[in-house]
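Report on the following structure.
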Amino acid sequence: MDPKRAIKAARPQGSETGVETGTVKAGLVGRGITLSRSPAMHEAEGKAQGVDLCYRLFDLDDPEFAQSALADIVEMAERQGYAGLNITFPFKIDAMSLTHALSRNAETVGAVNTIVFRDGRRYGHNTDLWGFAEGFRTGMPGADLSEVLLVGAGGAGYAVAHALLELGVGTLWLFDIEESRAETLAGSLVGTFGHSRVEQAETLSRLPPGLTGIVNATPVGMSKLPGSPVPRQCLHAGLWVADIVYFPLETQLLSDARAAGCPVLSGSGMAVFQAVRAFELFTGRAPNPDRMKRTFESLDD
């Protein structure tokens, strides 16, 4: 299915899903997601609103789904009457080709983290862009956005890059261990934001002079992929550091940054706010962000 065929009509709002009563089924597809807090957030918010919401994890690292591809899970969920699916690492770009139409954010970002099933069609959305932006606004107010390094040019990186530039970052430096991915992302950003605001970093061993902040949009730091994408010796008190990883909340990068005296932001804000938008898309009901945040925080170790 070519998502470009119906691009202009692909902005269904949550209220159009038609979910008012009965059981709502949703889920998350990814790898290494057994510690995800999405089920708890969605199910607790559903219960608070009188909605019987069942949210399932489809971890393709689990032997149960080891022989399944993303397309298999999407087709099964649609066939079984799911309202939709969240999509996470490493499938956000691949998910685009499995939709009939894209929302404006998904089209702009070039990645899908939410698929809504409605009237026999699949609508691709990207709630990560708003999720990261809202989490950053509330969690890192007053941060110097002059020059920011984004590490990771995968599906999440696309959304975070757009969010950072929309937040007002002066110069966004991009780095990915696969240089071609950073080049592709840079090319897509230049068309929207101009050449003067997007640069590529050749290495992380020598950070760009004048750098004010760093964002990790790679999966490095997850329980599945421990470690840090940024050398410890590069961190200093003149930088703020944000991570989109939230299991664990205290990643190696954030621990190193704290030790270096950097203000830090965990991935909790993005996790909560992207879920807020996804809940509305799945159920047609406006969620309570503070309540979903409290559920998220109640699961802290």
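The values are calculated or read from the model by the stated rules, or taken from the named source; none is laboratory data. These figures come from a predicted structure and were not determined experimentally. Here the Cβ positions follow ideal geometry from the backbone for every residue, glycine too, while neighbour counts run over all protein chains shown. Accessible surface is based on the protein model in full, side chains and every heavy atom, while ligands, DNA and RNA are left aside. Shrake-Rupley method; radii C 1.70, N 1.55, O 1.52, S 1.80 Å.
With the Cα gyration tensor of the chain in hand, give its eigenvalues times 5 under a square root as the equivalent ellipsoid semi-axes, listed largest first in whole angstrom.
Computed over the chain, the values are 31, 21, 18 Å.
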Rounded to the nearest Å, the spacing of the alpha-carbon centers of segment 211-250 and segment 126-194 is 14 Å
Counting only DSSP beta bridges fully inside segment 19-136, the antiparallel percentage to nearest 5 is 35 percent
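Counting each DSSP H run of 4 or more residues in the chain as -39500 (n - 2.57), what helix-only mean residue ellipticity at 222 nm follows after dividing by all residues, to the nearest 500 deg cm²/dmol? Before the final figure, lay out each step's value.
Numbers: 9 runs with 101 residues, N = 301.
The helix contribution divided over the chain gives -10000 deg cm²/dmol.
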Need one number: nm distance between label points at Arg104 and Lys47, each 7 Å from Cα along Cα→Cβ, rounded to one decimal.
3.7 nm
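Could you give the alpha-carbon Rg of segment 156-287 over 2.2 N^0.38 Å, rounded to two decimals?
Rg over 2.2 N^0.38 Å, computed on Cα atoms: 1.10.
Can you tell me the accessible area per residue over the chain, all protein chains present, probe 1.4 angstrom, in square angstrom?
With the other protein chains kept in place, the chain gives 42 Å² per residue.
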Out-of-range pairs (alpha-carbon distance over 22 Å; input Lys92/Lys293; Lys25/Lys92; Lys25/Lys224; Lys224/Lys293):
Lys92/Lys293; Lys25/Lys224; Lys224/Lys293
Calculate how many DSSP beta bridges within the chain are antiparallel, expressed in % of all such bridges and rounded to the nearest 5.
20 percent
Dipole magnitude of segment 111-195, debye to nearest 20 (Cβ charges: Lys/Arg +1, Asp/Glu -1, about Cα centre):
440 debye
One quarter of the convex hull surface, Cα atoms only: what value does that give for segment 133-205 in nm²?
4.8 nm²
Share of accessible surface on carbon and sulfur in the chain, whole %, 1.4 Å probe and ligands ignored, is 48 percent
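Hey, if we sort Glu297, Glu45, Glu202 by accessible area with the 1.4 Å probe, largest down, what's the order?
Ranked list, largest accessible area first: Glu202, Glu297, Glu45.
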Which whole-number percent is the relative contact order of the chain (Cα, under 8 Å, 6+ apart)?
20 percent
Positive end of the dipole of segment 87-197, charges at C-beta (+1 Lys, Arg; -1 Asp, Glu), about the Cα centre: which of Ala186, Tyr123, Pro141 has its Cα farthest in that direction?
Tyr123
